[in-house]
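The values are calculated or read from the model by the stated rules, or taken from the named source; none is laboratory data. Keep in mind that this is a model prediction, so the values were computed, not measured. Reconstructed Cβ throughout: ideal geometry from the backbone, glycine too, with neighbour counts over all protein chains shown. Each accessible area value is taken on the protein alone, full model and side chains, heavy atoms only, with ligands, DNA and RNA left out. Shrake-Rupley method; radii C 1.70, N 1.55, O 1.52, S 1.80 Å.
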Amino acid sequence: MQHGLDETAANEVVIALQRTGIQAVKARDESGEGVFVVTVPKSDVARAMELMRSLGLPRAARSGLAEMYGTASLVPSETEERARFLEALGNDIERTLETIEGVVSARVHIVLSESDPLAADDKPRIPAQAAALIKTRAGIDNPVKEADVQQLVGRSVPGLVPDAVAVVVTSAPEWTGEGKPILVSYGPISISPSSRTVLSGLLLGLLGLLAVLAFVLLMTARRLASVQRGAARRF
C-alpha cells in the first residue's frame, strides 16, 4: 500500500492501521536502503487508503535547516541561499506544528522583510509576512488556536510579528469507518476480513490435530484390547 517510507513514517502508518483492526505489516523495501514498505490485505486496501487520507499519513519528508545546509553548493548565490533558508525554516515550523495532537498536516509560507538601501530610516520596504494552512483531524474541535499558531510562527521568523501571520484552519476528510472495522460472519462469530484466512488456517490445523489424536487413541485402545485378550488366554 505504501512504499519508500522511512522507518518513522512506516511505524506511524502501521500503528494507525492496526488501531482500527486492519492487519498492516512493515517490511524493508528492496528498492533502497533504509526505506520500508507497508502492506495490508487486498480486502482492506480501500479502507486503509481512506484512513491514511483522513490522518494525513504518511507525512511528507521535509528538509529542515540542519539537512538543507548539510551539503551546500560550491558557489551559492544570495538568491539561492535566501530561498534555501526560507524553505528549510518553513519545513522546521511545519514539522513543529504537526506534532500538535489533532493536527494532520501544516503548510507555512514565509516572506522575509526587505529593506530599501536608499531609505533614510530603517523601516523595511516590504514587512515580513507569513501564511499558515492547518489541516486538523475530523471530529476534533479546535485542536489548535489561531493565536497560538501566530505566536509560534511569528517567534520563529526574524522580523516577523505574530499579527502579520495569516492562519487558515480546515478539517481533513472524515473517515466513516474509523474505529468500526468491517466484520464478516464466520459461523457463529464475526471477524474482520483480514482475519478470516488466519482463522480458517487455525481451525483446519485444530481439526487435523483432533484427527491425529483420535487415531492415536483408537490405536492405543486396540493395542490394550489385544494385550488384555492375550493375557486372558494365558490364564
Once amide H atoms are placed 1.01 Å from N in the peptide plane, what residues at a sequence separation of 5 or more from S171, or on another chain, have their amide H within under 5 Å of its amide H? T136
Carbon and sulfur together cover what percent of the accessible area of the stretch 1-45 at a 1.4 Å probe radius? 48 percent
Test of understanding: extend the Cα→C-beta vector of T39 to 7 Å, then name every residue of the stretch 8-26 with backbone N under 18 Å from that spot. 10-11, 13-15, 17-18, 22-26
Whole Å is fine, so just give me how far the alpha carbon centre of the stretch 17-62 lies from that of the stretch 85-102. 23 Å
Report the extension gain between L133 and V169 in nm, rounded to one decimal, defined as 0.36 nm multiplied by the number of residues separating them, less their alpha carbon distance. 12.4 nm
For the residue pair V161 and T197, what label-to-label distance in nm results when each label sits 7 Å from Cα along the Cα-to-beta-carbon direction? 6.2 nm
